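Reading through the structure tokens given below for one structure.
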Amino acid sequence: MKKNLSKIMLAAFAGIAMLGMTSCNADEPENELTPAEAQAAYESVKGEYTGYVFFNKRKNNSHELEKDSLPVSVSLNSGTMLTIKNLPTKAIAGILENGNLKKAIEEAGAIDLKCNIGFMRKDPVTMLVNPLPATFKINYNGKEQEIKTLFLINSKSSAAQAVGKDKLAMQIIQMAGMYLGERRVAIETGNTPLLFKLKR
């Protein structure tokens with residue numbers, strides 16, 4: 001099982017690494033797809049995807065991190081937006097220190113995360129992915145409260161790319177810290193990548 005997981009992660013990381021290399025190709029400027037090209041790119045990758053989200057989590061309560069993965073799905077049925085469905089809140093809470101806040105976030109279960117997208121390249125199909133803030137309710141300190149986490153936007157580090165027939169590799173970056181109501185919490189965390197390996 002661990003060997004299979006490693007192979008999947010290696011393939012996914014390779015796909016994300018390709019994003020940077022292809023985005024920097026000077027022979028084909030980015031962000032210059034015509035509307036027709038962008039539509040064609042969308043048509044080639046649209047649909048429903050299932051797969052895994054890979055994330056780091058604290059090992060016990062130390063500063064050492066270990067990798068984990070959980071099932072997830074993605075709906076790509078618009079040329080301007082995709083939805084990550086049933087994103088486990090465990091992935092969002094992964095590198096938080098163990099404690100009541102982390103437990104409350106994990107117990108929220110799963111959320112749907114909407115992401116604005118923009119097609120940058122047609123071969124291979126590559127899109128910028130800008131997640132909207134994730135806001136959801138948790139039961140914390142004996143009452144229902146709202147937690148919010150933000151994601152990096154307008155960055156080549158937050159993107160998706162076709163990496164084979166009916167396959168997508170995607171990465172989004174969860175920004176450091178979260179907001180409990182209006183108060184910033186979990187400031188000990190750094191920016192955290194969430195990597196997705198998906199198949200249509």
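What is the sum of charges around Asp166, taking Lys and Arg as +1, Asp and Glu as -1, for the other residues whose C-beta is under 10 Å from the C-beta of Asp166? The partial results should precede the final answer.
Details: positive: Lys165, Lys167, Lys199, Arg200; negative: none.
Cβ neighbours under 10 Å give a net charge of +4.
Tabulate in residue order the Karplus-calculated ³J(HN,Hα) for region 150-160, using 6.51 cos²θ - 1.76 cosθ + 1.60 with θ = phi - 60°, rounded to whole Hz; enter x for Gly and Pro.
Computed from phi, the couplings for region 150-160 are 9, 10, 5, 10, 6, 9, 5, 6, 10, 7, 9 Hz.
Filter the chymotrypsin sites (Phe, Trp or Tyr not before Pro) in region 35-110 to those in DSSP coil with at most 10 other Cβ atoms within 10 Å of their Cβ, and list the result. Mind showing how you got there, number by number?
Values: sites: Tyr42, Tyr49, Tyr52, Phe54, Phe55; in loops: none.
Counting only loop positions with at most 10 other Cβ atoms within 10 Å, none of the chymotrypsin sites (Phe, Trp or Tyr not before Pro) in region 35-110 qualifies.
In units of 2.2 N^0.38 Å, what is the alpha-carbon radius of gyration of region 83-185?
1.20
Given a cut-off of 23 Å, name the pairs among Lys156/Lys197; Lys148/Lys197; Lys67/Lys90; Lys46/Lys156; Lys103/Lys197 whose C-alpha atoms lie farther apart than that in the structure shown.
Those over the limit are Lys148/Lys197; Lys103/Lys197.
What net charge do the residues around Ile111 carry, taking every other residue with its C-beta under 13 Å from that of Ile111, with Lys and Arg at +1 and Asp and Glu at -1?
That works out to +1.
For Thr192, Thr34, which order do you get if you count the other beta carbons within 10 Å of each Cβ and list the fewest first?
Ordered by Cβ neighbours within 10 Å, fewest first: Thr34, Thr192.
Long-range amide H contacts for Val72: which residues qualify at under 5 Å (H placed 1.01 Å from N, peptide plane, sequence gap of 5 or more or a different chain)?
Under 5 Å from the amide H of Val72 lie the amide H atoms of Gly51, Tyr52, Val53, each far enough along the sequence or on another chain.
Which three extents, in whole angstrom, do the alpha-carbon atoms of region 26-103 cover along their principal axes, largest first?
Between the extreme Cα coordinates on each principal axis of region 26-103 lie 51, 31, 19 Å.
Values in this text are rule-based calculations from the coordinates and carry no lab data. These numbers were taken from a predicted model, which means no experiment stands behind them. Virtual Cβ from ideal backbone geometry, glycine too; neighbours counted across all protein chains shown.
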